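For reference, the structure is listed below as structure tokens.
Readers should treat all values here as calculations from the given coordinates under stated rules, not as data from a laboratory. Being a predicted model, the structure only gives us computed values, none of them experimental. Glycine gets a Cβ as well: all are built from the backbone with ideal geometry, and neighbour counts include every protein chain shown.
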Amino acid sequence: MLIDKIEARANPTTHTLVALVENKPGVLNRVASLMRRRNFNIHSLAVGETEDPSVSRMTIVIDASKTNAALVERNLHKLVNVIEVQDVSNMPTVMRELALIKVSVDDAAKRGEIKQIADMFQSRVVDVAKDSMMIEVAGEETKVDSVLSILADYGILEVVRTGRIAMARGGK
Amino acid sequence: MKLTGAQIIWETLIQQGSTTVFGYPGGAILPAYDALYDYNDRIKHVLVRHEENAALAADSYFRATGKVGVCMATSGPGATNLVTGLANAMLDSSAVVAITGQVASHLVGSDAFQETDIIGITLPITKHNFLVTDINELAQTLAEAFYIARSGRPGPVLVDICKDVQQKSVDYTPVTSVELRGYKAIKPQPQKSVADKLAQAGALIESARKPIILAGQGIKHANAHDDFKAFVEKSGIPVATTLLGIGVLSEDHPLNLRMMGMHGEAYVNQAIAGADLIIAMGMRFDDRVTGNLKTYAKNARVIHVDIDAAEINKNVPADVGIVASLKDVLPPLTSMIEKRSYASWLAQISEWRGDTQSHDILQVELPQDMLLAPQVIRTIYDVTGGEVTVCTDVGQHQMWQTQYFQHKRRNQLITSGGLGTMGFALPAAIGAKFGRPQDEVWAIAGDGGFQMSIPELATVAQEELDIKIAIVNNNYLGMVRQWQELMHDRRYSSVNMWSPDFVKLAAAYGIPGIRAKTLQEAREAVQMARAHKGPYLIEFSVEQETNVFPMIQPGKSLDEMTRRPIQPAALGGGMDTVAR
């Protein structure tokens, strides 16, 4: 199932929208409610603070095979708390995702192998326990997907991914 | 000046130009009603009998006047009762401000008595909503609510005000400006792109041979009906209107083909299906207008002008999409185009129209003792001279109203379009009468819809409102019965409807009334209603199984309409299903 999802993601049918929203209670609810009400399919939604504490930034990844990204953008614009929306899909953009992956280690000898894999992807081992290791991977989603598919052979116990965050290159 | 939150509510309403509020008091809104006691000389509060009708009346008040409609309710059940009315205003883009009381701010989230999350509940059915927990934000929030409701594409805004906010006091200065960081009434467009698009639209119009204009209520909201008329007359292009666009151009104008869509006349839909250019203005290609989207106007280029960017390319792809107020688009577009007339195109439409008229139900000789619902509508039109304001309910009579009544001005027909809210007619008539007291106002409802708003007869009686109420009684939920007849093999399921004696019912409210069973009685009844000063109710007993035709059945195309039978089913006429 995990591999299916990874393959689906490898299909480049996503659009990435960046929305600046007022940092007020209930704004995430309004955005989520819009997505549900209009039957928009989203892959991920990442929210966090910005350089301006009164503004939050959302990166919304749309399944463009099912949903018209331009309509999502225009509907987001209509929300009173949304300050700005940009579709950065066709711009030079840095896109990143952070993942934590907990891998089963049933044989102590495998720790070295897993460490090597992590190193090859410029990832880090952030926790080692008697029967598991935790790897931190940051990068484009395809890189996270690759690490996941290789580590799958060892037995993945738990995965958490932040969803895509994006920022256009160059000056504003 | 120190004012309580409750006083600030009324001060803001007065400052915003509100003179009428439709509402119902209760625990969490008590401080506001206490303050109202001192504002009774400046604000007329109309005590409705159910909060839903407060919201519907406020919606209708907006449609009748263009001024923001205001309704008020308490927390919990009072607020939830507003929901249908707010959804109605949302789908039909009516500027309404709803003010609800909420439990005291320290109790929010504790499941306190009559607490409900009305912000969460109304999130998808309002343009925006606010919870006010701090009196310092109250005046600003109320001003923002009015601004959002009336600007851009209008819509309902709910302000939920905690009880303690209404009770506290603060230094009050009237709010003179509203600055909302994220809100743009119209999505900003580069100046050049608008000019380019206007030029493209002009070029498409120039090269069209069979163009048609689809006019919606966006023209009315932009207050651009005069600009629209000028555009129509210079361009020479025929116009079809949506249900809510009825009256943006007088229906007796030679270029006004009248209403399109599911129950539009066949020639109107034939003209749309045959057009090579569609100029859609202030309308949103609702499914009741387009029928099957796959086959919709497939030979036409499309120019779509709407104030809401999210409507462009939503249902029908536009060759040229212009996001703007029609007030800003029509004058430059009019000066850009040549004066023209499309003789052969209009002749073709006229030929289709003649075919329609030969099928008209009113052309048929009917027995003297029979009364058809379309005759009721036409009788009201004839006897009143067609100048009255009509508020309809939803269903068959509503569609016959569009077919058999010629509307001459933009705020003459007040009807629930997008939501199709049964029970709309009577509260809408109350709202319209307060908005336009000089008008003769008629509420026209079926026996089903009327029974959803009977309690408001008490409001009519208490306010001594001069409203004429016409109940078109076919002892069925007529439109549902029609669908069951046509699409469910006459398996009539829960549509047979017993009703009280409506004339006696009205009498219990002190409202005189009469029953009419024939065309002659119908004429006399309308005359009597008009002669009486004050509210009057007429129950028209009509033939039970008359259907509304023509009809685009669900999933069908514009040119696959079911046409009117040569004579009504009651006289043995079968349906003419041949698409022509």
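Stretch B:Asp501-B:His253 to full length: gain in nm at 0.36 nm per residue minus the Cα-Cα span?
85.2 nm
Taking a cut-off of 21 Å, what percent of all Cα-Cα pairs in the range B:356-472 are separated by more than that?
Value for the range B:356-472: 37 percent of Cα pairs lie more than 21 Å apart.
I need the phi-derived Karplus couplings for the range B:188-199: 6.51 cos²θ - 1.76 cosθ + 1.60, θ = phi - 60°, integer Hz, Gly and Pro marked x.
Per residue, the Karplus-derived 3J(HN,Hα) values read x, 10, x, 3, 5, 5, 5, 4, 4, 5, 4, 5 Hz.
Tell me the label-point distance for the pair B:Arg490, B:Asp196, using the 7 Å Cα-to-Cβ offset, in nm and rounded to one decimal.
6.1
Can you give me the Kirkwood hydrodynamic radius for the range A:94-168, using every pair of distinct Cα atoms, in Å to one decimal?
The answer is 12.4 Å.
If each of B:Gln462 and A:Gln116 carries a label point 7 Å out from its Cα toward its Cβ, how far apart are those two points in nm?
Computed distance between label sites B:Gln462 and A:Gln116 equals 8.5 nm.
Spin-label point model (7 Å from Cα, Cβ direction): what's the B:Gln527 to A:Glu136 distance in nm?
The modelled label-to-label distance comes out at 9.1 nm.
Over 45 Å, how big is the tail of the calculated P(r) for the protein assembly as shown, in percent of all Cα pairs?
33
Relative contact order (percent) for chain B, with alpha-carbon contacts under 8 angstrom and 6 or more residues of separation?
Result for chain B is 13 percent.
So, by mean Cβ neighbours within 10 angstrom, what's the order for A:105-116, B:144-155, A:19-30 with the highest one leading?
On the way: A:105-116: 12.8, B:144-155: 22.7, A:19-30: 16.8.
Output ranking for A:105-116, B:144-155, A:19-30: B:144-155, A:19-30, A:105-116.
Note the full-extension length gain between B:Gln357 and B:Ala185 as 0.36 nm times their separation in residues minus their Cα-Cα distance, in nm to one decimal.
57.6 nm
For a footprinting-style exposure proxy, rank B:Cys391, B:Cys162 by other Cβ within 10 Å, fewest first.
The order, fewest Cβ neighbours first, is B:Cys162, B:Cys391.
If neighbour count is taken as other Cβ atoms inside 10 Å, put B:Trp400, B:Trp10, B:Trp498 in order from fewest to most. Don't skip to the end; give the middle numbers.
Working: B:Trp400 25, B:Trp10 21, B:Trp498 7.
Ranking B:Trp400, B:Trp10, B:Trp498 by Cβ neighbours within 10 Å, fewest first, gives B:Trp498, B:Trp10, B:Trp400.
So what's the net charge close to A:Val72: Lys and Arg +1, Asp and Glu -1, counting the other residues with Cβ under 13 Å from its Cβ?
Around A:Val72, the charge tally is +4.
Based on a Kirkwood Rh over C-alpha pairs, give the Stokes-Einstein translational diffusion coefficient of the range B:364-549 at 10 °C and viscosity 1.306 mPa s in µm²/s.
It diffuses with D of about 97 µm²/s by this estimate.
I'd like the FRET efficiency for A:Arg36 and A:Arg169, computed as 1/(1 + (r/R0)^6) with the beta carbon distance as r and R0 of 35 Å, rounded to 0.05.
0.60
From the P(r) of the range A:11-90, can you give the percent of Cα pairs sitting at distances over 14 Å? Walk me through the numbers on the way to the answer.
On the way: 1822 of 3160 pairs.
When every Cα pair of the range A:11-90 is considered, 58 percent fall beyond 14 Å.
If you take the Cα atoms of the range B:125-181, find Rg, then find the Kirkwood Rh from the mean of 1/r over all pairs, what is Rg/Rh?
Radius of gyration over Kirkwood radius for the range B:125-181 works out to 0.98.
Tally Lys and Arg at +1 and Asp and Glu at -1 over the other residues with C-beta under 13 Å from the C-beta of B:Lys433: what net charge comes out?
-2
Using the Kirkwood formula on the Cα atoms of chain B, what hydrodynamic radius do you get, in angstrom to one decimal?
In chain B this quantity evaluates to 24.9 Å.
For a label point 7 angstrom out from the Cα of B:Gln167 toward its Cβ, which stretches of the range B:23-37 have the backbone nitrogen within less than 12 Å?
Flagged as within label range: B:28-32.
Let me know the charge dipole size of chain B about its Cα centre in debye, to the nearest 20, where only the beta-carbon of Lys, Arg (+1) and Asp, Glu (-1) is charged.
Dipole of chain B, to the nearest 20 debye: 1220 debye.
Only bridges whose two residues both fall in the range B:238-395 count here: according to DSSP, what percent of them are antiparallel, nearest 5?
Beta bridges within the range B:238-395, antiparallel portion: roughly 0 percent.
Mean separation of Cα pairs under 8 Å and 6+ residues apart, divided by the residue count of chain A: what relative contact order is that in percent?
Dividing the mean separation by the residue count of chain A yields 26 percent.
Can you give me the pair-distance distribution of the range B:191-354, C-alpha pairs, 10 Å bins, whole percents?
11, 46, 38, 5, 0
Rank B:Gln438, B:Ile212, B:Ala310 by how far each Cα sits towards the positive end of the charge dipole of chain B (+1 on Lys, Arg Cβ; -1 on Asp, Glu Cβ) and give me just the farthest.
B:Ile212
If R₀ is 45 angstrom, what is the calculated FRET efficiency for the pair A:Met91 and B:Lys234, using the beta carbon separation as r and rounding to 0.05? Don't skip to the answer; put the middle values down first.
Values: r = 43 Å, r/R0 = 0.96.
Working from the Cβ atoms, E equals 0.55.
Under the rule of at least 5 residues apart or a separate chain, name every residue whose amide H is placed under 5 Å from the amide H of B:Gly446.
Here B:Asp393, B:Val394, B:Val472 satisfy the definition.
Quick one: P(r) of chain A from all Cα-Cα pairs, 10 Å bins, percents rounded to integers, in order of increasing distance.
Calculated P(r), rounded to whole percents: 9, 34, 29, 20, 8, 1.
Relative contact order for the range B:191-354: what is it in percent, counting Cα pairs under 8 Å that are at least 6 residues apart?
Contact order relative to length: 29 percent.
So what J values fall out for the range B:371-381 if you push phi through Karplus, 6.51 cos²θ - 1.76 cosθ + 1.60 with θ = phi - 60°, rounded to Hz, Gly and Pro as x?
Here the 3J(HN,Hα) series is 10, 9, 3, x, 5, 4, 4, 5, 5, 4, 4 Hz.
Say R0 is 60 Å: what FRET efficiency, to the nearest 0.05, do B:Val108 and B:Ser350 get from their beta-carbon distance? Don't jump to the answer; show the numbers that get you there.
Numbers: r = 63 Å, r/R0 = 1.06.
Efficiency for this residue pair is about 0.40.
Which cross-chain or sequence-distant (5 or more) residues have an amide H under 5 Å from the amide H of B:Arg515, H modelled 1.01 Å from N in plane?
Residues meeting the criterion, in which the H sits 1.01 Å from N, are B:Glu539.
Over all residues in A:68-81, what is the mean tally of Cβ atoms on other chains that come within 10 Å of each residue's Cβ?
The shielding value for this peptide is 5.
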